[in-house]
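**Student:** Take a look at the following structure, please.
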Amino acid sequence: MEEASTGSDSDYSSTWVSWFLSSKGNEYFCEVDEDFILDRFNLTGLNNEVANYPQALDLITDSLDDDIQDELRGSLDVQARLLYGLIHARWIVTARGLTKMLEKYKRADFGRCPRVLCASQPLLPVGLTDIPYEKSVKLYCGRCEDLYSPKSSRHGSIDGAYFGTTFPHLLFLVYPTLIPLKDGELPSNPIKESSTDSRSRRRPREDTEAGVAAEGGAEGISTANVALKAERYRPRIYGFQVNEIAKLQRWQEAIRDRQIARLEALEDKTP
Amino acid sequence: MASRQKSPATDAQQPPGEDEVASGNGEGDEIMEEAEEQEDGYTSSTPTSTLTWISWFCSLPGHEYFCEVTEDFIEDDFNLTGLNAMVPFWKEAMEMVLDVEPEDEDTSKIPDVSIVESSAEMLYGLVHQRYILTRAGLQAMADKYESGVFGSCPRVYCVGCNVVPCGRVDIPGSDTVKLFCPNCNDIFVPPSSRFQGVDGAFFGTTFAHLFFQTYRELSPAPFWRAPSAGGSPLSPRSVSGSNGSRASPFNNPNPHGGQKRAAGYVYVPRIYGFKVSERAKSGPRMQWLRLRPETPEELDMVDWRGRWINGDDGYDDDDEEEEEDRQMEDFDPEAAEGEDDDDEEEEEEDEAVGTTPMKGQKSGKQAGSDPLTRTPGPVRSVRTSPTASEGPRSLDDKPLIDLSVYTLPSFGQSFGEGKVRTVRQWAPRTDWAGTAEV
């Protein structure tokens, strides 16, 4: 891993954080505001998590003494990454952190859903656990609501705890207008067109209502029966559906319909 | 990078005529380096080497998914019925594919060798679509499948299930090749852009499914029950490992159905350890897409129009599930909102700490009563949620304390010891990077 090389690279850019963000493989991370890091309250408990915590924190905030030994520096870089990752996990579930990640989401910095019928829906990073060193980062698709592994091994080795289990779901909770439509690509349209289509369809809503949404608006949206619009792939042999798969798909759709009925009944009860 | 990835592919294609390919490998590499000079590479290399056009074509970068069609299949006119209407320069293309020396008169008629080249590619692709539906073709593709040439499903809970190439239409020129995962029955875009030039029709709509009908032991069954170790805390954690260790041999009562144990976990979104309620606008809407029944009999509870045969009442399990959901819903939005506020008003943390534990307790009661109501069918809740059995233990129990720590509940007092341990685990990090590929 060439990324683990040296801490002295920080000479090349102004701050440790900007060096970290610009190094290869760290594209998923966003910049944590300095005052968030400097507020000790936000770091509660992290001193147990990270060895050499004070020095690691100094390194992140560029206030490390220059006379620290070189051997320590090497391991300190590792600890600083861990510390930054854990702070990052806390930061991206704050209001300001969410907006920063939202920008990256809109730029599709986290890649796009590999599922064909998701029409290149941008993804969001998520962890399977909040404890470091357990599971690598995964990508959540808001359209099919499923998890995918990052394409590149560069990203496949990032710790999932640096993003946490909560982030993407909190994002859609806070910005309900950003919940992707469930419909797939438009029939007969090449994938690219339809994806830009669906995004441009959404965009006006995003921009006008994003502010409202943050204040708790967007009550008019109903997502009870959005699943009906979801497209799915139907395996066929010479045009005929495959028995066992067709049966499974009917069962799944019956489950879906029952959920929709349940949700619509709830909606009627509470207008 | 292309050349690195290419070598395993060519290895997999070696069986026919080892000598040829061994000498051919070098050729292939050269051609790859000068990928643009395909025609030149073709004309200059083929006559002098023993590499056939077919093995050369299959060794090109991006053509890893193709298997080598036997020449006698191509030479049998019956197999080509109807294709001559679709391929321009039919005769020349045939000669090129079969490495027949063209007669001089013919070459003069051809305006540009690259046109014949693309005709040959089209011809080979269409023949390939038919060939991989034959017994020999299926076998050739099965060999490639088992060696993992087609890659694996990007979906996390398919746990690296191998995929097969498929097309969405049988007519060339309309869509590129896709990958079909037999576990989630869905199609995916190949991870590398070099497959974006490969026509999906060269694999066809039928192959992927005929393949899994033929090799039923490779096809995951449509039902799935969470590993019976519902009580053991370890099993759900190692989702990736759960596939490997199985107690009993798997058997699908339907002899024509998939005979492989499915990877059935479905992702359950959580906010601070709590499931997102389906009553929330952002609540789960798509879990049905990946859900499997626990038993094959449940599949028969839906008629051909997709309706429940006995009405909803006959379906006990799910009534339970609904009740369970309702209980969750009672506290979910509340808890979630509480958290929300915390985030937006970090400074007022003291107050928030004052209020959230209340909520935590309230929810705690419900979460506490929840497992009780769940006990009749504990497996079910495990089934719908991959992390559920991890959840009730690590999350539903702990958040009662952890909720009060404002953003990341799990880092705080409760993991004090664990932390020290994990720090020392820096070295094994590569291990989980390995499991991450899964």
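The values are calculated or read from the model by the stated rules, or taken from the named source; none is laboratory data. All values derive from a computational prediction rather than experimental measurement. Here the Cβ positions follow ideal geometry from the backbone for every residue, glycine too, while neighbour counts run over all protein chains shown. Remember, those area values only see protein heavy atoms, side chains included, never the ligands or the DNA or RNA. Shrake-Rupley method; radii C 1.70, N 1.55, O 1.52, S 1.80 Å.
**Student:** Just the accessible area for residue B:298, please: 1.4 Å probe, Å², rounded to the nearest 10?
**Tutor:** 10
**Student:** For region B:275-289, what does the Karplus curve 6.51 cos²θ - 1.76 cosθ + 1.60, with θ = phi - 60°, yield as ³J(HN,Hα) per residue in whole Hz, taken in order and with x for Gly and Pro?
**Tutor:** My calculation for region B:275-289 gives 4, 6, 5, 6, 6, 6, 4, 8, x, x, 10, 10, 5, 3, 4 Hz in order.
**Student:** For the full complex of protein chains and a 1.4 angstrom probe, list B:186, A:58 by accessible area with the highest value first.
**Tutor:** Numbers: B:186 5, A:58 55 Å².
Greatest to least solvent exposure: A:58, B:186.
**Student:** Using only the heavy atoms of the protein chains and a 1.4 Å probe, how would A:169, B:256 rank by accessible area, largest first?
**Tutor:** On the way: A:169 10, B:256 125 Å².
Descending accessible area places them as B:256, A:169.
**Student:** Express in Å², to the nearest 10, the accessible area of residue A:30 obtained by rolling a 1.4 Å probe over the protein heavy atoms while all chains stay in place.
**Tutor:** Accessible surface of residue A:30 is approximately 10 Å².
**Student:** Please express the Cα-Cα pair-distance distribution P(r) of region A:231-271 as a list of whole percents, one per 10 Å bin, running from 0 to the bin with the greatest distance.
**Tutor:** Calculated over all Cα pairs of region A:231-271, the distribution is 26, 35, 22, 14, 4 percent.
**Student:** Given 0.36 nm per residue, what is the gain on full extension from residue A:31 to residue A:47 after removing their alpha carbon distance, in nm? Kindly include the intermediate steps, with their values, before the conclusion.
**Tutor:** Details: separation 16, 0.36 × 16 = 5.76 nm, distance 2.09 nm.
Here the answer is 3.7 nm.
**Student:** Considering the alpha-carbon set of region B:53-132 alone, what are its Rg and its Dmax in angstrom?
**Tutor:** 12.3, 36
**Student:** Then there's this: Pairs A:151/B:178; A:151/B:275; A:106/A:182; A:104/B:178; A:106/A:151; A:106/A:138: which exceed 21 Å Cα-Cα? Walk me through the numbers before you get to the answer.
**Tutor:** Numbers: A:151/B:178 16 Å; A:151/B:275 27 Å; A:106/A:182 17 Å; A:104/B:178 27 Å; A:106/A:151 19 Å; A:106/A:138 18 Å.
Beyond 21 Å between Cα atoms: A:151/B:275; A:104/B:178.
**Student:** Determine ³J(HN,Hα), in whole Hz, for all residues of region A:126-138 in sequence, where each value follows from phi through the Karplus function 6.51 cos²θ - 1.76 cosθ + 1.60 and θ = phi - 60°; x replaces Gly and Pro.
**Tutor:** Per residue, the Karplus-derived 3J(HN,Hα) values read 8, x, 8, 8, 9, 9, x, 6, 10, 9, 6, 6, 10 Hz.
**Student:** Rounded to the nearest 10 Å², what accessible area does residue A:112 have for a 1.4 Å probe in the complete protein model?
**Tutor:** We get 90 Å² for residue A:112.
**Student:** Go through B:115, A:92 and list them by solvent-accessible area, largest first, probe radius 1.4 Å.
**Tutor:** B:115, A:92
**Student:** Under unit Cβ charges (Lys, Arg +1; Asp, Glu -1), what dipole magnitude, rounded to 20 debye, does region A:16-178 have relative to its Cα centre?
**Tutor:** Its charge dipole is roughly 1200 debye.
**Student:** Taking amide H atoms as placed 1.01 Å from N in the peptide plane, list the residues 5 or more away in sequence, or in a different chain, whose amide H sits under 5 Å from that of residue A:136.
**Tutor:** Sorted by chain and number, the residues that satisfy this are A:160.
**Student:** A further question follows. If you average 1/r over every pair of different alpha-carbon atoms in region A:43-196 and take one over that average, what Kirkwood value in Å do you get?
**Tutor:** Working: mean 1/r = 0.0586 Å⁻¹.
After inverting the pairwise mean of 1/r, the radius is 17.1 Å.
**Student:** Hey, another quick one. Using only alpha carbon positions, build the gyration tensor of region B:152-197, then give the equivalent ellipsoid semi-axes as the square roots of 5 times its eigenvalues, largest first, whole angstrom. Please report the intermediate quantities before stating the final value.
**Tutor:** Details: eigenvalues 86, 28, 8 Å².
The answer is 21, 12, 6 Å, longest axis first.
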